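Report on the structure given below.
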């Protein structure tokens with residue numbers, strides 16, 4: 001397969017990257033459409049009960065604008081693929097898709113920190129006895145899909161609710177898996193288990209139901225311990241202090257869960273209970289709440305700034321004085337690569353791990369819970385924007401020597417991004433350089449460095465499921481882990497999403513006996529966990545606000561607009577292009593001449609999609 005693909009042309013290689021971006025954007029669009037539908041339903045309910053809907057109406061307006069942007073980007077990507085002669089097939093069957101990208105139906109498990117999660121030996125705990133009454137009560141209060149769950153009284157019975165392979169937990173009932181989450185005086189679940197379960201449990205039970213269930217369990221245990229006295233407590237009794245530790249771990253790793261009002265109410269119940277029964281832990285509880293509120297406040301500010309910058313970008317689009325010429329703002333590829341890395345890490349840092357499951361794994365129809373964040377959407381939009389920004393800059397330049405200089409500039413910038421381990425910007429720039437309006441400018445491309453283009457294409461090569469890129473990413477990750485300080489890794493984000501999506505599709509959620517397939521949870525967690533490591537990097541180089549603002553707000557153009565300019569730069573050389581040129585001239589008129597002289601932009605084309613980036617304050 002690799003040898004067969006190695007001889008493919010550069011634009012053919014781009015098709016695989018573009019296909020990934022189309023599928024990710026399509027999945028994103030589906031999630032956003034469902035989110036809009038649920039918001040409308042919530043507003044209808046509020047109106048029926050005569051509640052104030054002003055806040056939700058603003059959310060609805062923002063959601064509609066987001067949906068318009070993503071839908072426009074999706075149509076652009078489809079149009080670019082059609083221009084290449086590629087027909088995108090929606091909803092490909094998994095049996096065809098997985099082998100097509102080099103993945104087997106059952107992915108081979110690799111050794112990792114997850115391999116020893118909850119070994120059979122860890123089940124020596126006899127912490128189950130206290131929960132007999134609680135499980136009985138909460139089976140009715142938490143909607144569980146498995147109706148065959150039995151009460152767990154002993155270690156042997158608990159073992160019947162869990163399934164192992166080579167000493168590793170691979171499946172279990174929801175009750176059994178929740179039992180494994182409960183800390184006792186002598187047991188605390190592995191962090192890898194906590195992460196995987198909290199990440200994927202939302203596929204089977206909503207976070208607020210899970211937190212409510214944990215609360216009722218410990219409420220009962222605390223009352224039981226208070227009545228029995230500490231001297232009679234068993235070593236395997238549930239530990240309220242460790243319960244606080246578990247809740248703290250939840251709020252630190254998945255803070256965006258608590259953006260939901262139901263979660264905040266459940267958390268309030270938990271903290272009040274703990275403060276009442278454990279006065280010595282009040283300071284710890286206060287710090288937990290303060291840290292969570294600070295994180296949620298930071299997210300609110302980020303999204304507010306994001307909305308403001310989107311508005312500024314739209315205003316610039318309609319301003320005829322706007323100039324499209326990045327070389328006036330930045331003339332050094334390394335400087336641009338560094339500022340792009342700032343943007344990438346800021347975007348990546350604001351994505352919660354649960355968003356991957358909510359957006360790309362969880363079926364949008366299996367819950368009435370509306371996803372409260374849009375950070376993945378913003379990041380995917382950024383990739384699309386950067387790709388079209390590159391194509392726009394090259395095509396709207398009015399002189400050939402400037403266009404050649406710009407092509408060289410972006411090739412060098414992409415290679416600098418590669419050196420900085422900023423693979424997402426690298427892929428976005430490469431996508432822009434190989435889009436149809438740019439790649440057809442053969443006279444200009446013939447003057448570029450062949451060696452640099454070949455270096456660019458090596459990492460872009462999709463052979464062996466992007467083997468070159470994955471090898472480079474692995475080496476960069478090891479290097480960053482070894483050097484520890486100020487070494488960033490920004491992965492090709494859409495490929496992570498693609499891997500996550502196909503991992504989800506390749507394994508069922510449950511076994512025939514109704515057990516949850518926990519090995520799937522571990523597999524999904526393996527893909528998401530590295531993102532948490534990659535994003536926590538402080539870059540040693542400063543932000544350049546003028547350049548950042550330019551990248552975020554400068555207008556970009558559609559395929560039709562750019563192709564029309566491209567045809568006027570280099571005349572169509574085949575019947576298909578000539579026919580297409582005449583169609584575009586009839587549709588857009590003299591627009592190409594307008595934007596190719598000085599880069600000015602007409603407000604008549606304000607439908608162009610913009611995905612802008614908020615500049616946060618520099619750290620003092």
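Please treat every number below as a calculation from the coordinates, not as lab data. Everything quoted here is computed from the prediction, not taken from an experiment. Neighbour counts run over all protein chains shown; Cβ positions are idealised from the backbone, glycine included.
Spin-label pair residue 479-residue 585: with each label point 7 Å from Cα along the Cα-Cβ axis, the two points sit 5.0 nm from one another. Take the Cβ-Cβ distance between residue 311 and residue 538 as r, set R0 to 30 Å, and report the resulting FRET efficiency rounded to the nearest 0.05. Step by step, r from the Cβ atoms, then E = 0.50. Sorting the segments 160-171, 333-344, 428-439, 47-58 by their mean number of nearby beta carbons within 10 angstrom, highest to lowest, gives 428-439, 333-344, 160-171, 47-58. Taking the number of Cβ atoms within 10 Å of each Cβ as an exposure proxy, the fewest-first ranking of 550, 469, 188 is 188, 550, 469. Judged by the gyration tensor of its Cα atoms, with axes a ≥ b ≥ c, the range 389-498 is prolate; a/c meets the 1.5 cut and a/b is the larger of a/b and b/c.
Listed from fewest to most Cβ neighbours within 10 Å, the set 256, 388 follows the order 256, 388. Projecting label points 7 angstrom from Cα along Cα→Cβ for residue 334 and residue 402 puts them 2.7 nm apart.
Can you list the residues of the range 470-501 with backbone N under 13 Å from a point 7 Å past the Cα of residue 449, pointing along Cα to Cβ? Nothing falls inside the zone, counting backbone N under 13 Å.
Most tightly packed first, judged by the mean number of other beta-carbon atoms within 10 Å of their residues, the peptides 208-216, 247-255 read 208-216, 247-255. Seen through its C-alpha gyration tensor, with square-root eigenvalues sorted a ≥ b ≥ c, the range 254-297 comes out oblate because a/c lies at 1.5 or above while a/b is not bigger than b/c. Taking a ≥ b ≥ c as the square roots of the eigenvalues of the Cα gyration tensor, the range 272-323 is classed as prolate, since a/c reaches at least 1.5 and a/b is larger than b/c.
Projected label points at residue 71 and residue 442, each 7 Å from Cα along the beta carbon direction, are separated by 3.9 nanometres.
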